[in-house]
Amino acid sequence: MEGRSGETGRTWFRSDRFLCMNGDWFFMTREGSQEGPYDSQLQAERDLCIYIRHRNDDFMREANQPDNSQP
C-alpha cells in the first residue's frame, strides 16, 4: 500500500487466525478469544465465517437502533 505524500512507508502485519494444538483446531478472534476445538482447519474456517457474520449483524443492529438518549 502506498503512503500519502510526505509520509514514510508503513509495514502491514497479518497474523494467522488458525492454530492447531494436539490435533485440535482453533481460531482467534479480534476480541482476543480462542474458539474451538474443531476436528479440522476447514471446520474452524467455516465457523469463523459464521462468527464474523454474526458479529457484523450485531454491529449493524446496534448502529440502526434509535438514539433514545435525546428528550
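Sort out which residues of region 29-64 are within 13 Å of L19 (Cα to Cα), under 10 Å from the mean Cα position of the chain (by Cα) and either in contact (Cβ under 8 Å) with a residue 60 or more places away in the chain or assigned to a helix (DSSP H, G or I) (or both), and write them in order of number. Residue satisfying the conditions is L48 alone. Assess whether F59 counts as being on the phi < 0 side of the Ramachandran plot, at pLDDT below 95 and among the hydrophobic types (A, V, I, L, M, F, W, C). For F59, the condition - on the phi < 0 side of the Ramachandran plot, at pLDDT below 95 and among the hydrophobic types (A, V, I, L, M, F, W, C) - is met.
Does D16 satisfy being surrounded by 10 or more Cβ atoms within 10 Å (Cβ to Cβ) and charged (D, E, K, R)? Steps first, please.
Numbers: surrounded by 10 or more Cβ atoms within 10 Å (Cβ to Cβ): no; charged (D, E, K, R): yes.
So D16 does not fit the description; no.
The values are calculated or read from the model by the stated rules, or taken from the named source; none is laboratory data. The model shown is predicted, which means the values in this text are computed figures rather than measured ones. When we count neighbours, we look across all protein chains shown, and the Cβ atoms used for this are built from the backbone with ideal geometry, even at glycine.
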